[in-house]
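A quick write-up on the structure given underneath.
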Amino acid sequence: MCVRDPAVWFPDQHHTNLMGTVHGGRILNLIDSVAGVVAARHSDGPAVTAAIDETAFLRAVRVGDVVHVDARITWAGRSAMEVAVKVTADRWDRAVPPTDVATAHLVMVAIDDDGQPRTVPPLLPETDGDRRRYREAEIRRKHRLALRRALLDGAEDD
């Protein structure tokens, strides 16, 4: 099973920066929130953000855009899950195709009532696309773990 969940948001002038576009931090908040929902649904309980990586802001979001956030679990381990998020936007008053706004990959960890990691169900990729995303997630996981080891080793040298 592949848990996937879309969300829709309508930004207003309170969400803009000095450039008149929606603040990137607000987009990150949406990404994190929707990823948390998808991870909680997959793991049947609360999940917290352990890492946000490979975030790319592709286009600005403006007041009057309809923002769509689509997230899916791409990999699951013992207690961690990778969630891929894609953000698109279109105009509220025009029938135009949505444009890509941002993408990100997050690592969410399922936790119990004491805040300790808990076991999550395995991810069972169903389609060729699901299997491809799973393999790509494993590559990102290996990269994250290698980077973490390198950063920890470097911190010991300070």
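The values are calculated or read from the model by the stated rules, or taken from the named source; none is laboratory data. From a predicted model like this one, the values you see are computed outputs, not experimental measurements. Here the Cβ is made from the backbone with ideal geometry for all residues, glycine too, and neighbour counts use every protein chain on show. For accessibility, only protein heavy atoms count, side chains too; no ligands or nucleic acids. Shrake-Rupley method; radii C 1.70, N 1.55, O 1.52, S 1.80 Å.
Determine the sum of side-chain charges near residue 109: Lys and Arg each +1, Asp and Glu each -1, restricted to other residues whose C-beta is under 10 angstrom from that of residue 109.
Counting the neighbours of residue 109, the net charge comes to +2.
Taking only Cα atoms, what is the 0 to 90° angle, nearest 10, from helix 24-43's long axis to the longest principal axis of the chain?
Between helix and principal axis, roughly 50 degrees.
Helix-only mean residue ellipticity at 222 nm, the chain, DSSP H runs n ≥ 4 weighted -39,500 (n - 2.57), per residue, nearest 500. What is it?
Helix contribution divided over all residues of the chain: -11000 deg cm²/dmol.
So, in Å, what gap is there between the alpha-carbon centers of the range 82-158 and the range 22-55?
Between the Cα centre of the range 82-158 and that of the range 22-55, the gap is 9 Å.
With every protein chain kept in the model, how would you rank 106, 151, 28 by accessible area, 1.4 Å probe, largest at the top?
My answer, sorted largest first, is 151, 28, 106.
Rolling a 1.4 angstrom probe over the protein heavy atoms, how many square angstrom per residue are accessible across the chain?
That works out to 59 Å² for each residue.
Suppose R0 equals 35 Å; then what is the FRET efficiency for residue 57 and residue 111 from their Cβ-Cβ distance, rounded to the nearest 0.05?
That pair, residue 57 with residue 111, gives E of 0.75.
Run the accessible area of the chain with a 1.4 Å probe and give the carbon-and-sulfur part as a rounded percent.
55
With a 1.4 Å probe and all protein chains in place, put 19, 81 in order of accessible area, largest first.
19, 81
Would you mind checking which residues have amide H under 5 Å from residue 123's amide H? H placed 1.01 Å from N; only 5 or more apart, or other chain.
HN-HN under 5 Å from residue 123: 76.
What residues have an amide H closer than 5 Å to that of residue 118, excluding those fewer than 5 places away on the same chain, when H is modeled at 1.01 Å from N in the peptide plane?
110, 111, 112
With all protein chains present, calculate the accessible area of residue 78 using a 1.4 Å probe and round the result to the nearest 10 Å².
Estimated to the nearest 10 Å², residue 78 gives 150 Å².
Of 30, 18, which has the most accessible area and how do the rest follow, probe 1.4 Å?
18, 30
Under unit Cβ charges (Lys, Arg +1; Asp, Glu -1), what dipole magnitude, rounded to 20 debye, does the chain have relative to its Cα centre?
460
Viscosity 1.002 mPa s, temperature 20 °C: Stokes-Einstein D of the chain from its Kirkwood Cα radius, in µm² per second?
D = 128 µm²/s.
Could you state the angle between the C-alpha long axis of helix 128-157 and the longest principal axis of the C-alpha atoms of the chain, as a value from 0 to 90 degrees rounded to the nearest 10?
70
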